[in-house]
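A.B. asks: Dropping a structure here in structure tokens format, bear with me for questions.
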Protein chains: 6
Amino acid sequence: MGIVEDFNRYRGKMNEKILASDSLIIKRIFNLDTNAYTEGALDVRSKELIGLTCSLVLRCDDCVRYHLGKCKEIGFSTEEVNEAMGVATLVGGTIVIPHLRRAFEYWEELQHV
Amino acid sequence: MGIVEDFNRYRGKMNEKILASDSLIIKRIFNLDTNAYTEGALDVRSKELIGLTCSLVLRCDDCVRYHLGKCKEIGFSTEEVNEAMGVATLVGGTIVIPHLRRAFEYWEELQHV
Amino acid sequence: MGIVEDFNRYRGKMNEKILASDSLIIKRIFNLDTNAYTEGALDVRSKELIGLTCSLVLRCDDCVRYHLGKCKEIGFSTEEVNEAMGVATLVGGTIVIPHLRRAFEYWEELQHV
Amino acid sequence: MGIVEDFNRYRGKMNEKILASDSLIIKRIFNLDTNAYTEGALDVRSKELIGLTCSLVLRCDDCVRYHLGKCKEIGFSTEEVNEAMGVATLVGGTIVIPHLRRAFEYWEELQHV
Amino acid sequence: MGIVEDFNRYRGKMNEKILASDSLIIKRIFNLDTNAYTEGALDVRSKELIGLTCSLVLRCDDCVRYHLGKCKEIGFSTEEVNEAMGVATLVGGTIVIPHLRRAFEYWEELQHV
Amino acid sequence: MGIVEDFNRYRGKMNEKILASDSLIIKRIFNLDTNAYTEGALDVRSKELIGLTCSLVLRCDDCVRYHLGKCKEIGFSTEEVNEAMGVATLVGGTIVIPHLRRAFEYWEELQHV
């Protein structure tokens, strides 16, 4: 049923294989990645905004999709997400626009999951 | 009927949704993007060459496709487009080559549209 | 007296020259840049966090310096700034570390200005 | 039959078209690219490690696929490839992870070709 | 006498050392680089515009300086150079602005050399 | 006494401050960074080649300097280092050349330290 499930299924399947590979450096990066977005000096909302916009300026569609999923779970409004992505597009330039298109499509799909 | 129409249809559909979202920053970037490629101190040909090659060194397939479409409309020859992309590949390195493959495919397709 | 003043003086001087050049596209980008960080659907704090971390993953020292200055004005704590930069370093990789060094130095200097 | 053959077929077909285009700069880059990975002061193994990891930090899936194919031919073990990719992920950051997923998938597929 | 001469002196000195090193790959890249900007299907003006703007979106100050020097020699007007850099800043985003500052400074200096 | 000592002194001083900041994510990245380059499935030489060339294609002068220092310690010859950097310049494009200049200068300086 569409791009959200496809993304989650592939991501889950491959992460499992990567972690099963006993690659020590990669395992520690994954572990650190999980911990980094939990509440600390900054709350979870701020961290997800950082994750989303850094992913967008670095033009990584899958990273954007992951953080959009998290932003939805946490309860960000469409206006907030769009504004964050607007700032990121300004910082990263029009080269970001094709990724913005896919991000809008994914966010829309997330509303129906 | 192939990659040109697919690209244009998806691009058109999503741009419409993005503009309908009332995201002020994004709207202004889109507006500025439209104006930037019109004739000014530089002619339209020079600007499209800039758009094409900057898209290629930044390795954005969709941006390359868009500017290839424009280059075709304006009347660039295959030799001119290939040479521009050659310079961009030199600047950006062999990492650009996979994008060059897709650009060649798209340009070929554009001749039959 | 030192890197903060040097940065601000050079930035101010050159921005003035750029704006005096009557380059329409650049003027509009500068204008949009000023507006984008004002309160909207997101508050100013969230936007500065976005600006800071996107600048860091894109490894632009001057952009980092600018947003560190803004973060100081707004009242971010050292713990908050460090954590934001930690997430950005994780996203952007160890290649970000040299920029992190300069960011720490600049933030320290900002406390004495 | 799967992603390895698809990749090789498309790469082969498009490289042929690119070389047939008589674009001098591109031809010379392709020629240089072929020569650069042959034994010199460094052996072929070292050069493929460089090709693989540079492709990964620059986040070029097709380049990663190409060098994974070469690493398989040369006889790299899965442990060696994974460790190289681990170092590259550390250097390039978590933004590399989606490319790591596709690299793991491709490497697995290469074992069955 | 300022940044233009400093840049040219350092560039000249180091290029000489690099070429004296008998590194075959590097020598061939340098050779290709020299040839790529000569007249072909595109004229020298178009190629310098490509070199300048690709350097700017890739945020390489020294590359920008080199191509600004060439643009001056060829006879580009300040309006033309500024407009090209404006398009590049739009494509590459506000992250390009610090490089734009240094480019404006260098172009101004070039008028007095 | 020149750029090697300057680099090492600044790097040492700032790393100390960063580690003293008790920023958990950053501390763990630094720790992982130290471990990643020790012998594992790949030997130390291979890992330093990866570190050097990934740093070069990502155009991080300080990272290049750090790995050049390590390559010197380990006993790489000038021919080996130059060839590795040649491959990286081919992958990353002529945009890498200004960083290559500074790398050659630093490597030369390292011979006299």
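The values are calculated or read from the model by the stated rules, or taken from the named source; none is laboratory data. Just so we're clear, the structure is a prediction, and the values are computed from it rather than from any experiment. A quick note on method: Cβ atoms are made from the backbone with ideal geometry, for glycine too, and the neighbour counts reach across all protein chains shown. Accessible surface is based on the protein model in full, side chains and every heavy atom, while ligands, DNA and RNA are left aside. Shrake-Rupley method; radii C 1.70, N 1.55, O 1.52, S 1.80 Å.
A.B. asks: Taking springs between alpha-carbon atoms closer than 10 angstrom, which of F:Ser21, F:Ser77, F:Ser46 fluctuates most in the Gaussian network model of chain F?
C.D. replies: Ranking F:Ser21, F:Ser77, F:Ser46 by mean-square fluctuation puts F:Ser21 first.
A.B. asks: What's the average, rounded to a whole number, of partner chain beta-carbon atoms within 10 Å of each residue's beta-carbon in A:67-78?
C.D. replies: That average works out to 1.
A.B. asks: Give the interface area between chains E and A as buried accessible surface, both sides summed, probe 1.4 Å, in Å² to the nearest 100.
C.D. replies: Summed over both sides, the interface buries about 400 Å².
A.B. asks: Provide a whole-number value for the mean count of partner chain Cβ atoms within 10 Å of the Cβ atoms in peptide F:56-66.
C.D. replies: 5
A.B. asks: Place a +1 charge on the Cβ of each Lys and Arg in chain F and a -1 charge on the Cβ of each Asp and Glu, then give the dipole magnitude about the Cα centre in debye, rounded to the nearest 20.
C.D. replies: 400
A.B. asks: Considering all alpha-carbon pairs of the protein assembly as shown, what whole percent are spaced by more than 42 angstrom?
C.D. replies: Percentage above 42 Å: 19.
A.B. asks: Divide by every residue of chain E the summed helix terms, -39500 (n - 2.57) for each DSSP H run of at least 4, and state the resulting mean residue ellipticity at 222 nm, rounded to the nearest 500 deg cm²/dmol.
C.D. replies: Computed ellipticity for chain E at 222 nm equals -25500 deg cm²/dmol.
A.B. asks: Which ³J(HN,Hα) values, rounded to whole Hz and listed in residue order, are derived for the stretch E:61-68 from phi using the Karplus coefficients 6.51, -1.76 and 1.60 in 6.51 cos²θ - 1.76 cosθ + 1.60 with θ = phi - 60°, glycine and proline given as x?
C.D. replies: 4, 5, 5, 4, 4, 4, 6, 4
A.B. asks: Using the Cα centre as the reference, give the magnitude of the dipole from point charges on the C-beta atoms of the stretch D:55-105 (Lys, Arg: +1; Asp, Glu: -1; all else neutral), rounded to the nearest 20 debye.
C.D. replies: The calculated dipole for the stretch D:55-105 is roughly 160 debye.
A.B. asks: Also, quick follow-up: From the backbone phi of the stretch B:83-88, what are the Karplus-calculated ³J(HN,Hα) couplings (6.51 cos²θ - 1.76 cosθ + 1.60, θ = phi - 60°) in whole Hz, Gly and Pro given as x?
C.D. replies: The phi angles translate into 5, 4, 5, x, 4, 4 Hz.
A.B. asks: Which peptide among C:56-65, C:22-31, F:11-20 comes first, and what is the full order, when sorted by highest mean count of other Cβ atoms within 10 Å?
C.D. replies: Sorting C:56-65, C:22-31, F:11-20 by mean packing, highest first, produces C:56-65, C:22-31, F:11-20.
A.B. asks: So how far, in whole Å, is the C-alpha centre of the stretch B:19-77 from the one of the stretch D:52-88?
C.D. replies: So the separation of the two Cα centres works out to 34 Å.
A.B. asks: Along Cα→Cβ, 7 Å out, is where each label goes; now give me the distance between the ones at F:Asn8 and C:Lys27 in nm to one decimal.
C.D. replies: It is 5.4 nm.
A.B. asks: Now a separate question. Which ³J(HN,Hα) values, rounded to whole Hz and listed in residue order, are derived for the stretch F:92-101 from phi using the Karplus coefficients 6.51, -1.76 and 1.60 in 6.51 cos²θ - 1.76 cosθ + 1.60 with θ = phi - 60°, glycine and proline given as x?
C.D. replies: Computed from phi, the couplings for the stretch F:92-101 are x, x, 5, 4, 7, 4, x, 6, 5, 4 Hz.
A.B. asks: Treat every Asp and Glu Cβ in the protein assembly as shown as -1 and every Lys and Arg Cβ as +1, leave all other atoms uncharged, and give the resulting dipole magnitude about the Cα centre to the nearest 20 debye.
C.D. replies: The calculated dipole for the protein assembly as shown is roughly 0 debye.
A.B. asks: Here is a further query. Send over the Kirkwood Rh of the stretch F:6-113, from the inverse of the averaged 1/r over different Cα pairs, rounded to one decimal Å.
C.D. replies: Mean inverse Cα-Cα distance, inverted, gives 14.7 Å.
A.B. asks: Let me ask something additional. Report the residue of chain D with the smallest Cβ-to-axis distance, using the rotation axis that brings D onto C, in whole Å.
C.D. replies: Nearest-to-axis residue on chain D, with distance in whole Å, is D:Gly93, 2.
A.B. asks: Continuing with this model, one more query. Just checking chain F: which Cys have no other cysteine's beta-carbon under 4.7 Å?
C.D. replies: That list is F:Cys54, F:Cys71.
A.B. asks: Enter the accessible area per residue of the protein assembly as shown (Å², integer; probe 1.4 Å; all protein chains in place).
C.D. replies: Averaged over the residues of the protein assembly as shown, the accessible area is 39 Å².
A.B. asks: What number comes out for the charge environment of F:Ser55, summing +1 per Lys or Arg and -1 per Asp or Glu over other residues with Cβ under 13 Å away?
C.D. replies: Around F:Ser55, the charge tally is +2.
A.B. asks: Something else: Using +1 at the C-beta of Lys and Arg and -1 at the C-beta of Asp and Glu, which of A:Leu90, A:His112, A:Ser21 has the Cα lying farthest in the positive direction of the dipole of chain A?
C.D. replies: A:Ser21
A.B. asks: Any chance you could count the Lys pairs in chain D whose alpha carbons are under 23 Å apart, treating pairs 8 or more apart or on different chains as valid?
C.D. replies: Summing the qualifying lysine pairs gives 9.
A.B. asks: Give me the distance in nm between label points sitting 7 Å out from Cα along the Cα-to-Cβ direction at D:Asn15 and B:Glu39, one decimal.
C.D. replies: Roughly 4.4 nm, to one decimal.
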